[in-house]
1. In nm, to one decimal, how far is the modelled label at residue 119 from the one at residue 35, with both set 7 Å along Cα→Cβ?
2. Just check the chain against the gyration tensor rule for me: Cα atoms, a ≥ b ≥ c as the square roots of the eigenvalues, rounded for a/c under 1.5, and otherwise prolate or oblate depending on whether a/b exceeds b/c.
3. Rank 109, 140, 219 by mean-square fluctuation in a GNM of the chain with C-alpha springs under 10 angstrom and give only the top-ranked residue.
4. Quote the charge dipole size of the chain about the Cα centre in Debye, to the nearest 20; the model charges only the Cβ of Lys and Arg (+1) and of Asp and Glu (-1).
5. Could you line up 167, 5 from fewest to most neighbouring Cβ atoms inside 10 Å?
6. Evaluate E = 1/(1 + (r/R0)^6) for residue 112 and residue 214, where r is the Cβ-Cβ distance and R0 equals 45 Å; express this FRET efficiency to the nearest 0.05.
7. Can you sort 43, 246, 13 so the residue with the fewest Cβ neighbours within 10 Å comes first?
8. Label-point separation (nm) for residue 154 and residue 100, each offset 7 Å from Cα along Cα-to-Cβ?
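Just so you know, all these numbers are worked out from the coordinates, no wet-lab data involved. These figures come from a predicted structure and were not determined experimentally. Positions of Cβ are backbone-derived with ideal geometry, glycine not excepted, and every protein chain shown enters the neighbour counts.
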Amino acid sequence: MKFGCFAFAPQLEAVEELGFDCIELDLGEIVNMSEDAFADFQERAGKSNLGFEVFSGLLPLSVRFHAADFDEDYWMSYVDKAASRASALGANMIPLGAGKCRSIPDDCPDKEAAKAYVLHLVQRISDIMAKYGITLVVEPLGPANSNYLNTIPETVDFVQRVDRANCLTMCDMRHMFKLDEPFSDIPACIDYIRHAHIDYPRGTARLFPQREDDYDYLPYFKALREAGYDAILTIEATAYEDFFKEAGNSLSYLKEIYKEAEA
């Protein structure tokens, strides 16, 4: 299994120095770079030994699919630019979280039609990704993030209806914890799982898992092991005081747990 770290462009060299296998960059940051800035970043990335297989943040969290002012063609053009730049950096996979974007409005008069529209959009996004050889992984999200596509089995059913070879799903320990979803769903659905996230799941802040945490990470790793999962596990921490110290300690600790899960 490869260990990835969610980070931003200025942290590229630090992530490599810490010994991660890959970096999961924010696509919003990449898309918003000027042509010159992106060319400069490509040069930096080309000198790195990190993998750039996966990128997060496909759409800004302020976007709402069901809003009256949602401009579908504009956002599909945005997705195309994001996929193009991610591909140029080496991406083969992009998660689609966008929890509030895809949520079904409480006052929606036709919830089934709203869900059908999400399906339509994911099909369009998948088709754009396919042009660049990228797999779209729809992320199951906890209730604080979305009211639609929460569990892994629910999301597997959805991607089956998307009916695109490059549209699959993933697992995120935080959201499984919030939903009290059994980790047994991972081996049960492994044929559709292409990516995995982890962070300290209690509370709202996304912290690096640490040895002193009041949470047992071993069952999650055992489920990944049981499933035969050997792709990327990204630490999705966005809150920290000392990125270098906390990320480094977390990586060492999680590698120990991964070995323990073998037993």
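1. Modelled inter-label distance: 4.1 nm.
2. Here the chain falls in the oblate category.
3. Of the options given, 109 has the highest mean-square fluctuation.
4. 380 debye
5. 167, 5
6. The pair residue 112/residue 214 has a calculated efficiency of 0.60.
7. Taking fewest neighbouring Cβ atoms as first place, the list is 43, 13, 246.
8. 1.9 nm
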